[in-house]
Amino acid sequence: MPYAKIDAHHHLWKYSAPQYPWISENMGLLRRDFLIQDLMEVLEESDIKGVVSVQARQTLAETRWLLDLARSHEVIRGVVGWVALTDPKVDRDLEHFSTHAKLKSVRHVLHDEPDDLYVLREDFNRGINLLKDFDLRYDLLILERHLPQTIQFVDRHPNQIFILDHIAKPRIREGTISPWRENLTELARRENVFCKLSGLVTEARWQSWTEADLGPYLQIVLTAFGAKRVMFGSDWPVMLLGSSYKRWVDTVRCGISQLSEYEQERILGTTAVEVYRL
């Protein structure tokens, strides 16, 4: 039976500068709307059958919007939303949003927090403790430098499923491997942590990266997590800063082409389906 190819990480937005301050001046091509119709065009070109839509703003309004879109568009198999996990009454929001079948995970933009130890805050961890009661996953959005404290954080929650976004954003532009490799490998020893092959091109040199630049990072991820815990993601439209959608899909397919058919299917679809319960 053919499997469905899944893009486990993309965004949608109606652009306005105040709402998306992280889209800086050198990201001019992102300063426009990216809507479901735009997404459908690139998915069709690459034979992608389903997606996980991920929050790009830290508002409950965005979570509602994504869930509304998912309700009316079958291609959106799941949503990674946002709730204020440090709010003492966050359980009310979790109870409300978890009634939507397509809410699969939540995320906070950890790498933008001024406090590098934000993941160790007691109020944040209290919120994380509630997620398993609603059968929700947690997406980790961090930079390489956050890996050591993230390992401590994950160890506090052995029964929570975590999904690491963008392979923890290593310094690909500089060609730096260590200590990212060692810390990522240590994190991957936790079997409740999964990893998305996404975000690599925006950490590389946008206009001049090659498959050879990305290859070592991709292989380290595969060695650390194994195909059963890795899933494909595009990070569209952010990845347009460094690549077309199809080029990134083709790059990943080439990078995993030496794996078994089963392993390729895991990365390109079935891992996401199982982990996010799509």
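The values are calculated or read from the model by the stated rules, or taken from the named source; none is laboratory data. Owing to the predicted nature of the structure, the values given are computational and were not obtained by experimental measurement. We place every Cβ from the backbone using ideal geometry, glycine too, and count neighbours over all the protein chains shown.
Of all residue pairs spaced 6 or more apart or on separate chains, those with beta-carbon atoms under 7 Å, a first member in the range 223-234 that is farther than 12 Å from I163 by Cβ and a second member that is surrounded by fewer than 19 Cβ atoms within 10 Å (Cβ to Cβ) are A224/T185; A227/L259; A227/E263.
Remark: pairs (first residue in the range 202-222, closer than 27 Å to L29 by Cα and small (G, A, S); second residue at pLDDT 95 or above and crowded, with 19+ Cβ neighbours inside 10 Å; Cβ separation under 7 Å; 6+ apart in sequence or on different chains) = A204/I172; A204/L214; A204/G242; G215/G255. Among residues of the range 142-171 that are small (G, A, S), those with a Cβ under 8 angstrom from a residue that is not in a helix (DSSP H, G or I), sequence gap 6+ or separate chain, pair up as A168/L140; A168/I142; A168/L143. Of all residues in the range 225-250, those being surrounded by fewer than 21 Cβ atoms within 10 Å (Cβ to Cβ) and within 18 Å of E263 (Cα to Cα) number 4.
Residue count for the range 31-58, restricted to those that are within 20 Å of the chain's Cα centre (by Cα), outside any loop (DSSP other than H, G, I, E, B) and surrounded by fewer than 18 Cβ atoms within 10 Å (Cβ to Cβ): 3.
Of all positions in the range 98-116, none carries a residue that is in a helix (DSSP H, G or I), modelled with pLDDT of 95 or more, charged (D, E, K, R) and under 23 Å from V154 (Cα atoms). Inspect the range 18-26 for any residue being assigned to a loop (DSSP other than H, G, I, E, B), free of Cβ contacts under 8 Å to residues at least 24 places away in the same chain and either surrounded by 12 or more Cβ atoms within 10 Å (Cβ to Cβ) or touching a strand residue (DSSP E or B) at 6+ places or on another chain (Cβ under 7 Å) (or both) and give the result as yes or no. Yes: the range 18-26 contains one or more residues that are assigned to a loop (DSSP other than H, G, I, E, B), free of Cβ contacts under 8 Å to residues at least 24 places away in the same chain and either surrounded by 12 or more Cβ atoms within 10 Å (Cβ to Cβ) or touching a strand residue (DSSP E or B) at 6+ places or on another chain (Cβ under 7 Å) (or both). From the list L130, L103, L117, the lone residue that is more than 25 Å from L241 (Cα to Cα) and in contact with a Ser or Thr (Cβ under 8 Å, 6 or more places away or on another chain) is L103. When we screen R205, R253 for residues that are of a type in the set (K, R) and not in a helix (DSSP H, G or I), the only hit is R205. Only one entry in R277, R266, R253 is buried (at least 19 other Cβ atoms within 10 Å of the Cβ) and at pLDDT 95 or above, namely R266.
The conditions of being more than 28 Å from D7 (Cα to Cα) and either of a type outside the set (S, T, N, Q) or modelled with pLDDT under 95 (or both) are not met by D133. Note on the range 125-183: among residues that are assigned to a helix (DSSP H, G or I) and of a type in the set (D, E), the one that is nearest to R107 (Cα to Cα) is D165. The residues of the range 116-134 that are under 30 Å from K102 (Cβ atoms) and over 18 Å from the mean Cα position of the chain (by Cα), listed by number, are Y118, R121, D123, F124, N125, R126, G127, N129, L130, K132, D133, F134.
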